[in-house]
1. I need the Debye-formula profile for the chain: one equal scatterer per C-alpha, no solvent, reported as log10 I(q)/I(0) at q = 0.20, 0.26, 0.30 1/Å, two decimals.
2. Quick check: the angle from helix 44-53's long axis to the longest principal axis of the chain, C-alpha only, nearest 10 degrees?
3. Which of 32, 43, 14 ends up with the largest GNM mean-square fluctuation for the chain, with Cα atoms connected below 10 Å?
4. For every other residue with a beta carbon closer than 12 angstrom to the beta carbon of residue 15, add +1 if it is Lys or Arg and -1 if Asp or Glu, then tell me the sum.
5. Keeping all protein chains in place, calculate the accessible area per residue for the chain (probe 1.4 angstrom), answer in Å².
6. Once phi is turned into θ = phi - 60°, what whole-Hz ³J(HN,Hα) does the Karplus curve with 6.51, -1.76 and 1.60 give for every residue of segment 30-35, x standing for Gly and Pro?
7. Could you please put 4, 28 in sequence from largest to smallest accessible area, using a 1.4 Å probe?
8. Determine the relative contact order of the chain: mean sequence separation of Cα pairs under 8 Å and six or more apart, normalised by residue count, in whole percent.
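The values are calculated or read from the model by the stated rules, or taken from the named source; none is laboratory data. Every value quoted in this text rests on a predicted model; they were computed, and no experiment measured them. With ideal geometry, Cβ positions are generated from the backbone for all residues, glycine too; neighbour counts draw on all protein chains shown. Remember, those area values only see protein heavy atoms, side chains included, never the ligands or the DNA or RNA. Shrake-Rupley method; radii C 1.70, N 1.55, O 1.52, S 1.80 Å.
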Amino acid sequence: MELDVDGTKCGGYAVCSELAPEVFDLDDFGFAVAKSGEVAPGAEGNALEALRQCPAQAIRRLG
Ligand code: F3S
């Protein structure tokens, strides 16, 4: 599974990095970045929960 953060939508709510810290980091300005495009199998549940709960709907599933 591959995820990406749309930087034009991210509002820095940090729900993603709290729910899936193994997948998402925050940059120096508090906006999310995906640590790597490919999500490790064991982290997929947390990653999908972050996708669902991002208030800005900024997380996209690429594959
Ligand atoms: Fe941004 Fe959504 Fe995370 S707004 S910081 S991608 S919870």
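1. -0.62, -1.09, -1.50
2. The angle comes out at about 30 degrees.
3. Top of the fluctuation ranking is 43.
4. Details: positive: 52; negative: 18, 49.
Around residue 15, the surrounding residues sum to -1.
5. Working: 3790 Å² over 63 residues.
For the chain, the per-residue accessible area is 60 Å².
6. Going residue by residue, I get x, 9, 7, 9, 6, 4 Hz, with x marking Gly and Pro.
7. Ranked from most to least accessible, the order is 28, 4.
8. Computed value for the chain: 49 percent relative contact order.
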